[in-house]
Amino acid sequence: MDLHLSGKTAIVTGGSRGLGRAICEGLAAEGCQVVINFLRDPQRGIDLSDEAEALVARLGDEYRTRAVAMAADVSRADQVDRMFSRTCRELGPPDILVNNAGIWPTALAHEIDPLEFEQVLRVNLLGAFLTCRTAVRGWMDADRGGRIVNITSPAAFQGSTTGHAHYAASKAGLVSFSISLAREVASRGIHVNLVAPGMTRTEMSRATLARGEQPYLDRIPLRRIAEPSDIADVVVFLASDRAGYMTGATVDVTGGMLMR
């Protein structure tokens, strides 16, 4: 099936590793130009530039498509604006935005530090708002459509049972925000959908899975942990014209754990 993505430009936040990397690869395989957003924050000891640049080289070699690594903290409006401006200069106006950047710290609700709770909301919810706002403004100013895919979680609907209440709250907020945005911009040809992945084998989940996979497998009807490509395939479809009659939807990619 031709997804009609060849030559389009996509921004993928948190694109240098894990699910984000798989999404970048899936889009590049369909002929998209890809902006690989990553975080560089020396004060927190985070610099994913090497991973991002390695992915740029891989996408160019394997799929013969253009890719650019761009550092930006999505929770900061000035950095988001610079990322979009640079995208327009180097690859042209974006057609697709995938909000994948997120953090998943662990703490029981009564032990969560308020600063940690705020940081989770800033990255997982405010960050998606800022990128969506910038994308939508650009598309509306140019009188053109666009595709947004936001990565949520089954925890948005079921809550967390493993010490991630702040993460669940941020993802529930993302669902509500995305539906509201979808209603506002549908008439302008801008589609906003979400994907709710189940437990997936990524750097973020490695330590949790190392402590034992069976509790997760017991809750998954398909009886396996997802590979990043399982989720990325659905994201790529939603970013395409083949999903042209979908907006405001959350797609369950949990191996049957969510079933909604």
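The values are calculated or read from the model by the stated rules, or taken from the named source; none is laboratory data. Just so it is clear, the model here is predicted, and its values are computed rather than measured. Cβ: placed from backbone, ideal geometry, glycine included. Neighbour counts: every protein chain shown.
Residues that are surrounded by fewer than 19 Cβ atoms within 10 Å (Cβ to Cβ), closer than 21 Å to Met204 by Cβ, modelled with pLDDT of 95 or more and not charged (D, E, K, R) within the range 27-58 comprise just one, Ala54. Of all the criteria given as (1) surrounded by 19 or more Cβ atoms within 10 Å (Cβ to Cβ); (2) among the polar types (S, T, N, Q); (3) more than 19 Å from the chain's Cα centre (by Cα), the one not satisfied by Thr161 is (1).
Within the range 221-244, can one find any residue that is in contact (Cβ under 8 Å) with a residue 12 or more places away in the chain, among the hydroxyl-bearing types (Ser, Thr, Tyr) and in a helix (DSSP H, G or I)? Checked against the condition, which is being in contact (Cβ under 8 Å) with a residue 12 or more places away in the chain, among the hydroxyl-bearing types (Ser, Thr, Tyr) and in a helix (DSSP H, G or I), the range 221-244 yields at least one hit.
Here's the yes/no breakdown for (1) part of a loop (DSSP other than H, G, I, E, B); (2) in contact with a Ser or Thr (Cβ under 7 Å, 6 or more places away or on another chain):
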| residue | (1), (2) |
| --- | --- |
| Asp2 | yes, no |
| Leu5 | yes, yes |
| Gly14 | yes, no |
| Arg21 | no, no |
| Glu25 | no, no |
| Ala28 | no, yes |
| Gly31 | yes, yes |
| Val35 | no, yes |
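Residues in the range 130-178 that are in contact with a Gly (Cβ under 9 Å, 6 or more places away or on another chain) and hydroxyl-bearing (Ser, Thr, Tyr): Ser153, Tyr167, Ser170, Ser178.
Being in contact with a helix residue (DSSP H, G or I) (Cβ under 8 Å, 6 or more places away or on another chain) and part of a helix (DSSP H, G or I) holds for only one residue in Leu115, Leu125, Leu97, and it is Leu125.
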